[in-house]
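Trainee: Quick one: the structure is below, and I'll ask about it shortly.
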């Protein structure tokens, strides 16, 4: 019988939630822990899809912050009330679910009889209040008991048989978005797509922007999900290789290079068979623009692309406008309360906008707001159509011929008719920088320093911002293009957003689960925003680079370097900016000899050390020392590291994020060349500085304790090493209390450092 833990209990609950509720895993957790989120409204408690998936699958322990919250009797009662009022009404048979939970508890041999009686005291359940109590008891017990990581037999089997491996055992994201509530009128096209996929395996669904390509494949996935063992969704970002690299696999390690992750992920995707559907949304490039396309086309699984481009050498299915005006009228009726009253005029509006699905929806939403009467809107749209017929504003390619894209013009007019306030325009300007995958509503509000979500909610009502499951918001690609054209984003207009991103990047020791989305936002700012404050923009790029380096985000690092290089060529910036640029180039250089040359060139620019450039100069000396150590030139390595540390001391920079790494690396070098005691002394001195400047309960202090432990380990002093490691782990348990997976990873990392003979002792003490 299965062990009664958080994963097992939530699996039972999820199994009995009605399918029509379309509750994904993020929505489920947000709903379940609503009281915790409300109580920590000012804190960064956004849930990452990958982490939530690990909780629900029993791969990671639920955050101790959440667990401790619900150990409080008042908060536990709030959980009970929430389950009774919100979750049980969503279940098609809550009584059977409670029976399953009862059995789970009863047959768990690791639970004492006394504890079992406490847990099942509300069973048999007389009403929904008893059911809520039973569920809450099981959940709280499951979260608080000793965590045992689950393993899957599927991982051993892989693809050795006739079936694909279960994707959810390996990938912590990729859930297929649900189609919109009012998806209709595409039954024939759904069947056609299915027939093509069965026959050809790879299909490109192409058509003009906003016509409903993405909704069609989502609708297809919903209808035919039982035909597939797995369905994996990827929102195309501009590079298939990067999208595959960025998939969140269970066994990914932070220290993995991008190439390692790509090879591992690609190898897994190649193992998938025809029982798996891969959906790649918004593949709006030509075949030649993405060099990995031929590789993906060789996958054995079925693949459907949505694209605005027609790829002549591949199997394509063209999606046209919905021809049945009655269907589109019904769509308008879903958004406009008085549709029946104005039916003749609405049919004319549908005809005027060429049956374009997105324009029809936006027009209906505008009418619902009461901004214009239907007849007035029809007049405006006809005027726009006449104007577009006489000018070439925006073109697209269809069947190899350039045609006028009147749909953009229609959306432009609808956008302008709202007469958005300055605050609404600002939100649209900034959200246009967010990748199509979307952003947590709460995180977006924090980034823009919004006091509430009223403006965001208003824009959702207008149809400009699209809400997604898991309290995520995004823009339709077509709306994004228009938002960029109309609001004209710039560094100054997006200054609050930039500063929020910059603040996160300056916290070098802080890990965030949404770093990929953050980096993609920065890339969009680089491409889409006008550079109207070059001085700040340069500082912004320089501050972002080390954070990208921390996550080995090579594609973004190269983009930043190209952008900084262009700015310095204008010319713009100071000598220290040029030196910093060379230092960053060295960080991206694969050949050590060339990296050394770049660092030397950087130092040659800094002819005079002063308060303004001392920190940078010390860093470059330290980096140069590390490079010399890498090629075995220990004398040069020691010399340059010591110069760097001397500069730090001279300018009172001993306690900086960079200085801790410098001195730790210096101590390791000393140990390697037989001067371990000198290394320990340097670290002890640093530890006192950190303790006095900050606290002994910081990541920095833990890093120093680890460094001292490593030296003791090399010397064979196991008791001293264990003492230092123990101090470090105690700090990690405090600082990473919300991230138990990081704590466990660190424990394993430390244990593996011990020689084989000392592992048993490590496990017993650490």
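Trainee: Which residue out of 590, 576 is farther than 26 Å from residue 493 by Cβ and part of a helix (DSSP H, G or I)? Give the derivation first.
Mentor: Working: 590 fails: part of a helix (DSSP H, G or I).
Exactly one residue qualifies, and that residue is 576.
Trainee: Please specify each residue of the range 239-258 satisfying the condition of being buried (at least 17 other Cβ atoms within 10 Å of the Cβ) and modelled with pLDDT of 85 or more.
Mentor: Selection gives 240, 241, 242, 243, 244, 245, 246, 247.
Trainee: If residue 511 passes every condition in (1) surrounded by 15 or more Cβ atoms within 10 Å (Cβ to Cβ); (2) within 22 Å of the chain's Cα centre (by Cα); (3) part of a loop (DSSP other than H, G, I, E, B) but one, which one does it miss?
Mentor: All conditions pass for residue 511, except number (1).
Trainee: Restricting attention to the range 619-632, report how many residues are under 15 Å from residue 671 (Cα atoms) and outside any helix (DSSP H, G or I).
Mentor: 1
Trainee: Checking the condition surrounded by 20 or more Cβ atoms within 10 Å (Cβ to Cβ) and modelled with pLDDT under 90, which residue from 478, 428 passes?
Mentor: 478
Trainee: On the given criteria, is residue 648 buried (at least 20 other Cβ atoms within 10 Å of the Cβ) and without any contact (Cβ under 8 Å) to a residue 40 or more places away in the chain? Please lay out each step first, then the result.
Mentor: Numbers: buried (at least 20 other Cβ atoms within 10 Å of the Cβ): yes; without any contact (Cβ under 8 Å) to a residue 40 or more places away in the chain: yes.
The answer is yes for residue 648.
Trainee: Considering the range 681-702 alone, what residues qualify as being assigned to a helix (DSSP H, G or I) and either touching a residue at least 60 places away in the same chain (Cβ under 8 Å) or touching a helix residue (DSSP H, G or I) at 6+ places or on another chain (Cβ under 6 Å) (or both)?
Mentor: Scanning the range 681-702 gives 682, 683, 686, 687, 690, 699, 700, 701, 702.
Trainee: Right, next: Of everything in the range 514-537, what is surrounded by fewer than 20 Cβ atoms within 10 Å (Cβ to Cβ) and over 22 Å from the mean Cα position of the chain (by Cα)? Give them in sequence order.
Mentor: If the condition is that a residue be surrounded by fewer than 20 Cβ atoms within 10 Å (Cβ to Cβ) and over 22 Å from the mean Cα position of the chain (by Cα), then 530, 531, 532, 533, 534, 535, 536 are the ones that fit.
Trainee: Considering only the range 707-766, give the helices (runs of 4 or more DSSP H) lying wholly within it that have at least 2 residues that are modelled with pLDDT of 75 or more.
Mentor: Details: elements: 718-735, 740-751, 759-765.
Qualifying helices (runs of 4 or more DSSP H): 718-735, 740-751.
Trainee: Right, another one. Looking at (1) in a helix (DSSP H, G or I); (2) in contact (Cβ under 8 Å) with a residue 40 or more places away in the chain; (3) farther than 22 Å from residue 240 by Cβ, which is the only condition residue 563 fails?
Mentor: (2)
For (1) modelled with pLDDT of 85 or more; (2) assigned to a loop (DSSP other than H, G, I, E, B); (3) crowded, with 21+ Cβ neighbours inside 10 Å, each residue gets a yes or a no:
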{"site": "1", "(1), (2), (3)": "no, yes, no"}
{"site": "10", "(1), (2), (3)": "yes, no, yes"}
{"site": "27", "(1), (2), (3)": "no, no, no"}
{"site": "38", "(1), (2), (3)": "no, no, no"}
{"site": "41", "(1), (2), (3)": "no, yes, no"}
{"site": "44", "(1), (2), (3)": "no, yes, no"}
{"site": "52", "(1), (2), (3)": "no, no, yes"}
{"site": "55", "(1), (2), (3)": "yes, no, yes"}
{"site": "60", "(1), (2), (3)": "no, yes, yes"}
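Trainee: Residue by residue through the range 471-481, note down the ones that are part of a loop (DSSP other than H, G, I, E, B) and farther than 15 Å from residue 456 by Cβ. Explain how you work it out, then say what you get.
Mentor: Quick first cut of the range 471-481, residues part of a loop (DSSP other than H, G, I, E, B) only: 471, 476.
476 - this is the single residue of the range 471-481 that is part of a loop (DSSP other than H, G, I, E, B) and farther than 15 Å from residue 456 by Cβ.
Trainee: Suppose we keep only residues that are outside any helix (DSSP H, G or I) and under 25 Å from residue 593 (Cα atoms) within the range 633-673. Which one would you say is farthest from the chain's Cα centre (by Cα)?
Mentor: Just the residues of the range 633-673 that are outside any helix (DSSP H, G or I), to begin with: 633, 651-656, 673.
Narrowing further to those that are under 25 Å from residue 593 (Cα atoms): 633, 673.
Numbers: 633: 41, 673: 43 Å.
Checked the range 633-673; the qualifying residue farthest from the chain's Cα centre (by Cα) is 673.
Trainee: If I filter the range 343-357 down to residues being buried (at least 17 other Cβ atoms within 10 Å of the Cβ) and at pLDDT below 90, which single residue comes out as nearest to residue 183 (Cα to Cα)?
Mentor: Restricting to residues being buried (at least 17 other Cβ atoms within 10 Å of the Cβ) and at pLDDT below 90, the top hit is 357.
Trainee: Pull up the range 382-411, narrow it to residues that are surrounded by 13 or more Cβ atoms within 10 Å (Cβ to Cβ) and over 39 Å from the mean Cα position of the chain (by Cα), then point me to the one that is modelled with the highest pLDDT.
Mentor: Ranking the candidates gives 382 first.
Trainee: Could I ask something else about it? Could you tell me how many of the residues in the range 435-470 are closer than 24 Å to residue 236 by Cβ and part of a loop (DSSP other than H, G, I, E, B)?
Mentor: Residues that pass the stated criteria total 8.
Trainee: Checking the structure you have, find out if any residue of the range 259-277 is within 30 Å of residue 331 (Cβ to Cβ), touching a residue at least 40 places away in the same chain (Cβ under 8 Å), touching a helix residue (DSSP H, G or I) at 6+ places or on another chain (Cβ under 9 Å) and buried (at least 20 other Cβ atoms within 10 Å of the Cβ).
Mentor: To start, the set of residues in the range 259-277 that are within 30 Å of residue 331 (Cβ to Cβ) comprises 277.
If we keep only those that are touching a residue at least 40 places away in the same chain (Cβ under 8 Å) as well, we get 277.
Cutting the leftovers down to touching a helix residue (DSSP H, G or I) at 6+ places or on another chain (Cβ under 9 Å) gives us 277.
Then keep just the ones that are buried (at least 20 other Cβ atoms within 10 Å of the Cβ); that gives 277.
Yes - at least one qualifying residue is present in the range 259-277.
The values are calculated or read from the model by the stated rules, or taken from the named source; none is laboratory data. In this text, all values refer to a predicted model and were calculated from it rather than measured experimentally. Quick reminder, even Gly has a Cβ in these numbers, built from the backbone with ideal geometry, and neighbours come from all protein chains shown.
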